[in-house]
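Data block below; observations after.
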Amino acid sequence: MAESKKRKREKEAQDGDFVEPKPPPPQTQGKGDVPGAVSEVLPTFPFSAFRVQKVLRESAREKILFLHGKVNEDSGDEKDAIVILEKTPLQADRVSDLLSKKSELKLQIRNDIYSTYTLYPPPELSEIKTTIVYPATEKHIKKYQSQDVYLIQETGEDYRSITLPFLQSQSFSIQWVYNILEKKAEADRIVYENTDPISGFVLIPDFKWDQKQVDDLYLIAICHHRGLKSLRDLTDKQLPLLRNIFQEGQEAILKRYSLRGNQLRIYFHYQPSYYHLHVHFTALGFDASGTAVERAHLLSDVIANLELDPMYYQKRTLTYALRADEPLLKKFLDAGKC
Ligand code: M7G
């Protein structure tokens, strides 16, 4: 009986309709981490003390709200925090629970054979994915704020003379990346690892994915090698690493989530937010943020370009968008480049 249910679920998973949530859902505070990990270092977020200052962005289509707020700590200090609230997709396999007596149905309009209702599900079926950045920096607040955007055309020389010096002085902390690589955080969520220090990587569900369904699958492959910041640092020397990420990443996702390589979008961001080389894996049918043509670079194209020319990404002009308030945009303006 249990076996046949398992087989049915495996079949459904192959059909792409259902995924058994194998690893536990993401934990806000790194439950299950090794001793000395982030959960012991960082304070728990004092939700009730969060005072909303500003709605940074809202999207009815994406059903997401980005809030900036302040938190008064016991010490008397006031700290900034970002809270992101997102309604999660409905899960087909839980529809019977949703329509059971546990939910309350209130009639809105009835007309002939048509009627609309509001359904009030029980708490366990009405969750809201909540992401917290705390304490948040000014840069985090800007990252989530709606802004006008402008295209930059960055030559290889612009990268070396404007972008790189700026990044070296400014970029986001990548401590969370090192915590993953060193198994100090999210260790229980790792889906696959190739431990080679030069051509190895860790494949892990992205923060943005609640792992409840494959429709919005989102994982990241983080390379072990430190010092590779972005696409701009890649030469033919990294081809073994890139081929491993491409090949082994797809195999691991097929094995764990029953999604084939030709159902995946595998890409870099340029510019990324975090300057430690990583690759995004998203379900092809999912309109993930950051997949616009001015930001996403398919890993398969990157490999092909490096096979054609080992110095491709040192030479090529790369186009990307910057928000109006980004200091890098000002650097380009000051240099008369846009
Ligand atoms: P990016 O291209 O550098 O920046 O991608 P973006 O956030 O503008 O897309 C970094 C990716 O890492 C994003 O998809 C984030 O959602 C994800 N991410 C960020 N943090 C801080 C974490 C984290 O702590 N754990 C995990 N698993 N993913 C994260």
Test of understanding: ordering L90, L167 by Cβ neighbours within 10 Å, fewest first, what list do you get? L90, L167
As a footprinting exposure proxy, order R243, R61 by other Cβ within 10 Å, with the fewest listed first. R61, R243
What shape does the range 131-241 have by the C-alpha gyration tensor, where a ≥ b ≥ c are the square roots of the eigenvalues, rounded means a/c under 1.5, and otherwise prolate means a/b greater than b/c and oblate the rest? oblate
Roughly what angle does helix 239-257 make with the longest principal axis of the chain, taking Cα atoms, 0 to 90 degrees, to the nearest 10? 0
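Which of the three applies to the range 165-320, rounded, prolate or oblate, going by the alpha-carbon gyration tensor with a ≥ b ≥ c and a/c under 1.5 meaning rounded? All intermediate terms of the calculation are to be shown ahead of the outcome.
Values: a/c = 1.41, a/b = 1.23, b/c = 1.14.
Rounded, because the longest to shortest axis ratio a/c is under 1.5.
Over the range 42-140, what lengths in whole Å, largest first, do the semi-axes of the equivalent ellipsoid take, defined as the square roots of 5 times the eigenvalues of the alpha-carbon gyration tensor?
Details: eigenvalues 262, 48, 31 Å².
So the three semi-axes of the range 42-140 are 36, 15, 12 Å.
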With a cut-off of at most 16 other beta carbons within 10 Å, and DSSP calling the residue loop, which trypsin sites (Lys or Arg not before Pro) in the range 253-338 qualify? Please list them. R260, R316, K337
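What ranking do S75, S100 get, fewest neighbouring Cβ atoms within 10 angstrom at the top?
On the way: S75 7, S100 12.
Lowest to highest Cβ neighbour count: S75, S100.
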For the range 253-273 and the range 46-101, what is the separation of their Cα centres, given in Å? 27
Can you list the HN-Hα couplings for the range 114-123, worked out from phi with the Karplus curve (6.51, -1.76, 1.60; θ = phi - 60°), rounded to whole Hz and with x for Gly and Pro? 9, 8, 10, 9, 10, 9, 9, x, x, x
Angle check, please: helix 299-308 long axis (alpha carbons) against the longest principal axis of the chain (alpha carbons), in degrees 0 to 90, nearest 10. 20
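Find the lysine pairs in the range 208-295 meeting two conditions, Cα atoms under 24 Å apart and a separation of 8 or more places or different chains, and report how many there are.
Total qualifying Lys-Lys pairs in the range 208-295 comes to 4.
Mean residue ellipticity at 222 nm from the helices of the chain, using -39,500 (n - 2.57) per DSSP H segment of n ≥ 4 over the full residue count, to the nearest 500 deg cm²/dmol?
Values: 10 runs with 83 residues, N = 338.
The helix-only estimate for the chain comes to -6500 deg cm²/dmol at 222 nm.
According to the square roots a ≥ b ≥ c of the eigenvalues of the Cα gyration tensor, what is the shape class of the range 106-151, taking rounded for a/c under 1.5, prolate for a/b larger than b/c otherwise, and oblate for the remainder? Intermediate values should be presented prior to the final figure.
Working: a/c = 6.11, a/b = 2.06, b/c = 2.96.
Oblate shape, in that a/c is at least 1.5 and b/c is the bigger or equal ratio.
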With a cut-off of at most 15 other beta carbons within 10 Å, and DSSP calling the residue loop, which GluC sites (Glu not before Pro) in the range 87-185 qualify? Please list them. E127, E182
Distance from the Cα centre of the range 309-338 to that of the range 113-153, in angstrom? 29
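To the nearest 20 debye, what is the magnitude of the charge dipole of the range 191-276 about its Cα centre, counting +1 on the Cβ of each Lys and Arg and -1 on the Cβ of each Asp and Glu? The partial results should precede the final answer.
Numbers: 11 positive and 10 negative charges, 25 e Å.
In debye, rounded to 20, the range 191-276 gives about 120.
Treating the beta-carbon of each Lys and Arg as +1 and of each Asp and Glu as -1, no other charges, what is the dipole magnitude of the chain about its Cα centre, to the nearest 20 debye?
Working: 47 positive and 48 negative charges, 73 e Å.
Around 360 debye, computed over the chain.
Bear in mind these aren't lab numbers, they're just calculated from the coordinates by the rules spelled out. Note that this is a predicted model, so its numbers are computed, not measured. Don't worry about glycine lacking a Cβ; one is built from the backbone with ideal geometry, like all the others, and counts go over all protein chains shown.
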